[in-house]
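Each remark here refers to the structure printed beneath this line.
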Amino acid sequence: MENIALHLLDIIQNSIEAQSSHIAVEIEKDSITRQLRITVTDNGKGMSEQTINNALDPFYTSRTTRKVGMGLPLLKQQAEQTGGFLLITSELNKGTTVSFCFHLAHIDCPPIGDLADIMSTLFVVNPEINFSLCVRNGVFSFSCESKQILGIFKDLPLSQKELRQYIFQFLSENMNWLIHQNVPQ
Amino acid sequence: MTKVKTLDDLIRLRDELRTRIDLREKGEHPDQLIQVKVAMATCGIASGAKEVMDYFIDELPKRNVAAVVTQTGCMGYCYAEPTIEVTLPGKKPVVFGYVNKEKADEIIEKYIKAGELVDGIIPQTFKKPS
């Protein structure tokens, strides 16, 4: 993928397909080690231990439409190429947690991409899912919940475009400095 | 544009909008809305489906088309990504492949607005193995 934000979109898409009603996204920028750690926790249908082991195999997929599932193995490869990692834990009928880490200073690290754009689009296009977003950098953090934000606009007949624009402004104003700056600890 | 930083800012913005906006009817009839579903699995995202979804979200209201854009998972047509499924009210869903911005523009003008069929439709001959 072109950037880390698109990988996050892919992982969240997995959570959506697992029929989650709640998806927690934690983004942590570690200014000291120059790492970006992202954890996605959902309450979807989960996986058995066997399935977790198979998930990282590109030739394994739970879909019936095709025979390969590339998202997780590709992300693992990209993360590990920078010295990072990918971890999956899951419990059937409880949910799944996917955690990955990129070393931003590594020469093979892709650009971060626009995380606020990805999150604002997800909020608006999946109004029935509650996303809780938390962005951290040292002692500073920002948190919000998609249903709370969408609830502010519920009486207005706004188009998806306008809704996304306002939520994007709100998210990028709060998130971008946390993600892109090296904040003194 | 004033900065939107806190929740209070968002609430203030909402109040401003309330006084300016004139009510549109689309919210009243969900079955009259056109549905555009963009496939966003790994193959879709890697081929640029996000830009296509953004294009539909931006252009449809500009051209006064009452539609809802959503994302779905893999529809199985990975060779033709980005793919979209358009459901006009009362009609069967139609899947389009190789959708880039030019194609999306053509789909909006010809299929969505005028009901004319466009090149690049993927026929629904795929049968899911049971």
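Within the stretch A:31-51, track down each residue that is out of contact with any strand residue (DSSP E or B) (no Cβ under 7 Å at 6 or more places or on another chain) and acidic (Asp, Glu).
Listed by number, the list holds a single entry, A:49.
Within the stretch A:49-85, count every residue that is more than 17 Å from residue A:96 (Cα to Cα) and modelled with pLDDT of 90 or more.
9
Inside the stretch A:32-60, can you point out the residues that are charged (D, E, K, R), within 14 Å of the chain's Cα centre (by Cα) and surrounded by fewer than 19 Cβ atoms within 10 Å (Cβ to Cβ)?
A:37
State whether the residues of the stretch B:99-114 include one that is in a loop (DSSP other than H, G, I, E, B) and among the aromatic types (Phe, Trp, Tyr).
Within the stretch B:99-114 (the criterion being in a loop (DSSP other than H, G, I, E, B) and among the aromatic types (Phe, Trp, Tyr)), the answer is no, since none of the residues qualifies.
Restricting to the stretch A:72-85, count the residues that are in contact with a Ser or Thr (Cβ under 9 Å, 6 or more places away or on another chain) and surrounded by fewer than 16 Cβ atoms within 10 Å (Cβ to Cβ).
Of the residues in that region, 1 qualify.
Within the bounds of the stretch A:9-31, is there any residue that is more than 29 Å from residue A:139 (Cα to Cα), open to solvent by 70 Å² or more (accessible area, probe 1.4 Å) and more than 14 Å from chain B (Cβ to nearest Cβ)?
no
May I ask you to list the residues in the stretch A:166-185 that are facing chain B (nearest Cβ under 9 Å) and not hydrophobic (A, V, I, L, M, F, W, C)?
Across the stretch A:166-185, the qualifying residues are A:166, A:169, A:173, A:174.
Regarding residue A:101, is this residue open to solvent by 10 Å² or more (accessible area, probe 1.4 Å) and touching a strand residue (DSSP E or B) at 6+ places or on another chain (Cβ under 7 Å)?
Answer is no for this residue.
Tally up the residues in the stretch B:1-41 that are more than 8 Å from every other protein chain (Cβ to nearest Cβ), at pLDDT 65 or above and not in a helix (DSSP H, G or I), please.
Count: 8.
Taking only pairs six or more apart or across chains, which ones have beta-carbon atoms under 6 Å, a first residue in the stretch A:32-52 that is farther than 19 Å from residue A:85 by Cβ, and a second residue that is open to solvent by 70 Å² or more (accessible area, probe 1.4 Å) and of a type in the set (Asp, Glu)?
A:46/A:91
Okay, residues lined up against (1) buried (at least 17 other Cβ atoms within 10 Å of the Cβ); (2) touching a residue at least 40 places away in the same chain (Cβ under 8 Å); (3) in contact with a Phe, Trp or Tyr (Cβ under 6 Å, 6 or more places away or on another chain):
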| position | (1), (2), (3) |
| --- | --- |
| B:42 | yes, no, no |
| B:87 | no, yes, no |
| B:99 | yes, yes, no |
| B:119 | no, no, no |
| B:123 | no, no, no |
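Please find, among A:107, A:118, A:88, the residue that is touching a helix residue (DSSP H, G or I) at 6+ places or on another chain (Cβ under 9 Å), open to solvent by 10 Å² or more (accessible area, probe 1.4 Å) and aliphatic (A, V, I, L, M).
When all the criteria are applied, what remains is A:88.
Filter the stretch A:136-165 for residues that are more than 12 Å from every other protein chain (Cβ to nearest Cβ), open to solvent by less than 20 Å² (accessible area, probe 1.4 Å) and small (Gly, Ala, Ser) and give the result.
Residue satisfying the conditions is A:146 alone.
The values are calculated or read from the model by the stated rules, or taken from the named source; none is laboratory data. Keep in mind the model is a prediction, meaning the values are calculated, not measured. Here Cβ is always computed from backbone atoms with ideal geometry, including for glycine, and neighbour counts include all displayed protein chains. Just so you know, the surface numbers come from the protein's heavy atoms only, side chains and all, with ligands and any DNA or RNA stripped out. Shrake-Rupley method; radii C 1.70, N 1.55, O 1.52, S 1.80 Å.
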